[in-house]
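Participant: One structure, as structure tokens, below. Some questions next.
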Amino acid sequence: MTATNTIEEFANQEYKWGFVTDVEEDRIPRGLNEDIIRLISAKKEEPEFMLEWRLRAFRHWMTLVKADAEPKWAHVTFPQIDYQDIVYYSAPKKKAGAKKSLDEVDPEILEAYSKLGISLNEQKRLQGVAVDAVFDSVSVATTFKAKLAKEGIIFCSFSDAVKEHPELVKKYLGTVVPYSDNFYAALNAAVFSDGSFVYMPKGVRCPMELSTYFRINAADTGQFERTLIIADEGSQVSYLEGCTAPARDENQLHAAVVELVALDNAQIKYSTVQNWYPGDKNGVGGIYNLVTKRGKCAGANSRISWTQVETGSSITWKYPSCILVGDNSVGEFYSVALSNNYQQADTGTKMIHIGKNTRSTIVSKGISAGHGQNTYRGGVKIMKNATGARNYTQCDSLLIGDQCGAHTFPYIEVRNSSARMEHEASTSKVDEDQIFYFRQRGLSAEEAVSMIINGFCKQVFRELPMEFAVEAQKLLSVSLEGSVG
Amino acid sequence: MAMLEIRNLHARVNKQEILKGINLDINAGEVHSLMGPNGSGKSTLAQVLARRETYEVTEGEVLFNGKDLLAMKPEEAACEGLFIAFQYPVEVPGISNSYFLRAALNAQRKYRGEEPIDAIDFIPLLKEKMKLLEMDERFQSRAINEGFSGGEKKRNEIVQMAVLNPSLAILDETDSGLDIDALKIVSQGVNAMRSPDRAIVMVTHYQRLLDYIVPDFVHVLAGGKIVKSGGAELALELEREGYGWIEPALAGAR
């Protein structure tokens, strides 16, 4: 085996979450028009205001379609998506009259989640993590709901929130990501099916991690979830999300929207381990992950932290951002993005400084292997009144092999001369000499690469909740398995 | 049975034959020095023994403690007790020296069926070896060789060797780029590791190193073969006469 081989083989791995669960689906006809939107809304038994909002979003989206306004600026290439060829709603069929409790969840689905390492059984679950499980278009179970309710915390599926807490949904929906924000956000607003909803009451610190596990199962469908987290004054919450999908030759669309609102002195920590099916080693299949995530530090001294580990999807278009409105508010973005085989990722963040003494930190770690293309795209804006604003940006790229690419596009716009900006960037390469060095000391090539990658990512991993950090490390080594032989 | 038996070893890189029939026996407890002009195959021999895949063995046999070394992967050879102190140790950002070395030691212990050593037991061991090589303790938490001077890198190699405790240590031009003080320190470290159970092979250009680490045997490589072997006095002869006097032998090797 030659030296170059060693590194190339590093890029061949198997996706271990690619199984399909056989459940009876309730799916609506293919395609998108106002009737479909009405049908989705009806399926979800939504109040009128929700339907109207969806229809406004849809009409706006149609104008974008006519204007050919699908974003084309990202450093990714994929064929034009046929939006009429997608099934916009698919749910596992419920038994007649079933109420959403764990006993009623289809055992096949429980089995699917336990295969993924997610036990929905509260007794068996690790203490300290509540889970909302979203299967295709619907939330199938939410654990620890009652326990959280005792603290006044609302943690439920978005669908339930629309029905049970319409006043909160009405007040905050679209306030951070309006449906007119961008092409995919408009599409999501029109057809979104489910997602999680969190409301943290004043002064409450969430006693456990909240998490959502998204699973795409059905074929030819898209997943359009929408998550809304509101942290009222002085509250704190840590929220995690994980995602997987079956391995299929056809590409599938995932266009989500996440909105976070932090009021005075509130803190939201949002962590993602994204492991959608990345396609096979020749780039066939995989999820198009076109996502809008944004948080608004609306109150003074509030803080929003995004931490993401992006290993999956064939295309990633994602910029979790912070709008720092409140004085002294803090925005953070910690990211590890891996592009292996033929994966393409264009990801980064925007930090918009509006309030005084607002601070933001960006740490982005891009790893490219195989034929992967990894792009960091960041925007830091210091507005006119943001006196004393500070930003620190660090973006590092790691290349494995010589067929891949790393790109960085940092945009900085400063309109207040008191701002302090720091930007650091580096590019490094895992080379044969490093791997041989490790092997000569007794470590295998896989161990060598795994150690090098983890060393590269540790600044981000330490921001993840403990259990997740371990998972993320494992995931990265699995995602790179076989690249070095 | 010798610890290392090299028989008629031929190896090439990029289709060019570099080793053209090396024969050498090395016993436990011995210190050998490999000398010879540039391009004679000294470093190639070291790399082949360490199982670097860029070098293709075309003929011959190498037994290491009776086992077929040429069938081993680099990490297997390492776990069997072969260590090479590199001429140009690589830098690896993001991983501390101590974390790396403990992982390596534990990989070797695992191979031998021993329990892993935890950080609490490992740190004193590492500190002791670093003291021997007069390295500041702070180096243990710095990234592997990152920003180290040439001399610090070489000393760090010997620290690793002292921790991993190999049965066969090959020092590939460990003396190059060392000032006289560093050379003394490194030599001290190596001498401290001389033992009846261990063999040491020094690849070097200079007699200077051999003033501090006196070899039992000196071999002169030329044109991919060992053209002359002798005791420590051979190195002195080389220092005095250069390689010119072995030209006839060299011609024979070609």
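Participant: Among the candidates A:GLY348, A:GLY299, which residue alone is assigned to a strand (DSSP E or B), modelled with pLDDT of 90 or more and either small (Gly, Ala, Ser) or closer than 27 Å to A:PRO207 by Cβ (or both)?
Facilitator: On the way: A:GLY299 fails: assigned to a strand (DSSP E or B).
Step by step, each of A:GLY348, A:GLY299 is checked, and only A:GLY348 is assigned to a strand (DSSP E or B), modelled with pLDDT of 90 or more and either small (Gly, Ala, Ser) or closer than 27 Å to A:PRO207 by Cβ (or both).
Participant: Kindly state which strands (runs of 3 or more DSSP E) lie completely within segment A:115-159 and contain at least 2 residues that are at pLDDT 80 or above.
Facilitator: Working: elements: A:129-135, A:138-142, A:154-157.
Passing ranges, in order: A:154-157.
Participant: What about A:ARG415, is it among the basic types (Lys, Arg), within 21 Å of the chain's Cα centre (by Cα) and modelled with pLDDT of 90 or more? Reasoning before the result, please.
Facilitator: Details: among the basic types (Lys, Arg): yes; within 21 Å of the chain's Cα centre (by Cα): no; modelled with pLDDT of 90 or more: yes.
Here the answer is no, as A:ARG415 does not meet what is asked.
Participant: Sticking with this one: Would you please name the residue that is surrounded by the most Cβ atoms within 10 Å (Cβ to Cβ), looking only at residues in segment A:264-273 that are in contact (Cβ under 8 Å) with a residue 60 or more places away in the chain and not in a strand (DSSP E or B)?
Facilitator: Only one residue fits best here, namely A:ALA266.
Participant: Ok, one more. Quick check: is even one residue across segment A:405-417 out of contact with any helix residue (DSSP H, G or I) (no Cβ under 7 Å at 6 or more places or on another chain), facing chain B (nearest Cβ under 8 Å) and among the hydroxyl-bearing types (Ser, Thr, Tyr)? Give the derivation first.
Facilitator: Step one: of segment A:405-417, the residues out of contact with any helix residue (DSSP H, G or I) (no Cβ under 7 Å at 6 or more places or on another chain) are A:405-417.
Next, only the ones that are facing chain B (nearest Cβ under 8 Å) stay: none.
Looking for residues that are out of contact with any helix residue (DSSP H, G or I) (no Cβ under 7 Å at 6 or more places or on another chain), facing chain B (nearest Cβ under 8 Å) and among the hydroxyl-bearing types (Ser, Thr, Tyr), one finds none in segment A:405-417, hence no.
Participant: Right, another one. Scan segment A:203-216 residue by residue and report those that are surrounded by fewer than 23 Cβ atoms within 10 Å (Cβ to Cβ) and either at pLDDT 90 or above or assigned to a loop (DSSP other than H, G, I, E, B) (or both).
Facilitator: Within segment A:203-216, A:GLY203, A:VAL204, A:ARG205, A:CYS206, A:PRO207, A:MET208 meet the criteria.
Participant: Have a look at A:VAL470, A:VAL478, A:VAL460 and point out the one that is at pLDDT below 90 and either within 14 Å of chain B (Cβ to nearest Cβ) or in a loop (DSSP other than H, G, I, E, B) (or both).
Facilitator: A:VAL460
Participant: Go through segment A:408-426 and count every residue that is exposed (fewer than 14 other Cβ atoms within 10 Å of the Cβ), in contact (Cβ under 8 Å) with a residue 24 or more places away in the chain and assigned to a loop (DSSP other than H, G, I, E, B).
Facilitator: Count: 2.
Participant: If you scan segment A:445-457, which residues turn out to be small (Gly, Ala, Ser) and either at pLDDT below 80 or touching a Phe, Trp or Tyr at 6+ places or on another chain (Cβ under 8 Å) (or both)? Can you show your working first?
Facilitator: Filtering segment A:445-457 for residues small (Gly, Ala, Ser) gives A:445, A:448, A:450, A:455.
Of everything in segment A:445-457, those that are small (Gly, Ala, Ser) and either at pLDDT below 80 or touching a Phe, Trp or Tyr at 6+ places or on another chain (Cβ under 8 Å) (or both) turn out to be A:ALA445, A:ALA448.
Participant: Any idea which residue in segment A:430-443 is farthest from B:GLU53 (Cα to Cα), counting only those that are part of a helix (DSSP H, G or I) and more than 7 Å from chain B (Cβ to nearest Cβ)? Break it down stepwise before answering.
Facilitator: Step one: of segment A:430-443, the residues part of a helix (DSSP H, G or I) are A:432-440.
In the following step, the residues that additionally are more than 7 Å from chain B (Cβ to nearest Cβ) were identified as A:432, A:435, A:438.
Working: A:GLU432: 10, A:ILE435: 12, A:PHE438: 14 Å.
Applying the filter and picking the extreme gives A:PHE438.
Here is a yes/no grid of residues against (1) under 23 Å from the mean Cα position of the chain (by Cα); (2) in contact (Cβ under 8 Å) with a residue 60 or more places away in the chain:
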site	(1), (2)
A:ILE354	no, no
A:VAL363	yes, yes
A:ILE367	yes, yes
A:ARG377	yes, yes
A:LEU398	yes, no
A:GLY401	no, yes
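Participant: Scanning for something touching a residue at least 60 places away in the same chain (Cβ under 8 Å) and among the polar types (S, T, N, Q), does segment B:191-209 turn up at least one residue?
Facilitator: Yes, the conditions are met somewhere in segment B:191-209.
Participant: So in segment B:20-67, with the set limited to residues that are within 14 Å of another protein chain (Cβ to nearest Cβ) and polar (S, T, N, Q), which one is farthest from the chain's Cα centre (by Cα)?
Facilitator: Once the filter is applied, the top-ranked residue is B:THR54.
Participant: Could you say whether any residue in segment B:116-134 is free of Cβ contacts under 8 Å to residues at least 12 places away in the same chain, part of a helix (DSSP H, G or I) and within 14 Å of chain A (Cβ to nearest Cβ)? Step through it out loud before you land on a result.
Facilitator: Filtering segment B:116-134 for residues free of Cβ contacts under 8 Å to residues at least 12 places away in the same chain gives B:116, B:118, B:120-121, B:124, B:128, B:131.
Checking which are part of a helix (DSSP H, G or I) leaves us with B:120-121, B:124, B:128, B:131.
Of the ones still in play, those that are also within 14 Å of chain A (Cβ to nearest Cβ) are none.
Within segment B:116-134 (the criterion being free of Cβ contacts under 8 Å to residues at least 12 places away in the same chain, part of a helix (DSSP H, G or I) and within 14 Å of chain A (Cβ to nearest Cβ)), the answer is no, since none of the residues qualifies.
Participant: Quick check on this structure: which one of A:ALA389, A:ALA345 is under 24 Å from A:ASP181 (Cα atoms) and surrounded by 21 or more Cβ atoms within 10 Å (Cβ to Cβ)?
Facilitator: Details: A:ALA389 fails: under 24 Å from A:ASP181 (Cα atoms).
That would be A:ALA345, the only listed residue that is under 24 Å from A:ASP181 (Cα atoms) and surrounded by 21 or more Cβ atoms within 10 Å (Cβ to Cβ).
Participant: Could you figure out which of (1) of a type in the set (S, T, N, Q); (2) surrounded by fewer than 16 Cβ atoms within 10 Å (Cβ to Cβ); (3) over 22 Å from B:LEU49 (Cα atoms) isn't true of B:GLN207?
Facilitator: Among (1) of a type in the set (S, T, N, Q); (2) surrounded by fewer than 16 Cβ atoms within 10 Å (Cβ to Cβ); (3) over 22 Å from B:LEU49 (Cα atoms), the lone unmet condition for B:GLN207 is (2).
Participant: For segment A:379-396, what are the residues that are in contact (Cβ under 8 Å) with a residue 40 or more places away in the chain and among the charged types (D, E, K, R)?
Facilitator: Hit for segment A:379-396 is A:ASP396, nothing else.
Participant: If you check B:ARG102, B:ARG142, which single one turns out to be over 24 Å from B:ALA192 (Cα atoms), among the basic types (Lys, Arg) and within 13 Å of chain A (Cβ to nearest Cβ)? Spell out how you get there, then give the answer.
Facilitator: Working: B:ARG102 fails: over 24 Å from B:ALA192 (Cα atoms).
Just a single option satisfies the conditions, and that option is B:ARG142.
Participant: Separate question: For the list (1) buried (at least 16 other Cβ atoms within 10 Å of the Cβ); (2) away from chain B (no Cβ under 14 Å); (3) among the charged types (D, E, K, R), I need the number of the one condition that A:GLU446 fails.
Facilitator: The failed condition is (2).
Participant: Which residue out of B:LEU101, B:LEU69, B:LEU9, B:LEU82 is modelled with pLDDT of 95 or more, under 28 Å from B:SER195 (Cα atoms), surrounded by 19 or more Cβ atoms within 10 Å (Cβ to Cβ) and in contact with a Pro (Cβ under 9 Å, 6 or more places away or on another chain)?
Facilitator: Values: B:LEU101 fails: in contact with a Pro (Cβ under 9 Å, 6 or more places away or on another chain); B:LEU69 fails: in contact with a Pro (Cβ under 9 Å, 6 or more places away or on another chain); B:LEU9 fails: in contact with a Pro (Cβ under 9 Å, 6 or more places away or on another chain).
Just one listed residue meets the conditions, B:LEU82.
Participant: If you go through segment A:274-287, how many residues are in contact (Cβ under 8 Å) with a residue 60 or more places away in the chain and surrounded by fewer than 23 Cβ atoms within 10 Å (Cβ to Cβ)? Show your work before the answer.
Facilitator: Step one: filter segment A:274-287 for residues in contact (Cβ under 8 Å) with a residue 60 or more places away in the chain, giving A:275-283, A:287.
Adding the requirement that they be surrounded by fewer than 23 Cβ atoms within 10 Å (Cβ to Cβ) leaves A:280-283.
Final tally of qualifying residues: 4.
The values are calculated or read from the model by the stated rules, or taken from the named source; none is laboratory data. These figures come from a predicted structure and were not determined experimentally. Neighbour counts are summed over all protein chains in view; Cβ atoms, including those assigned to glycine, are modelled from backbone coordinates with ideal geometry.
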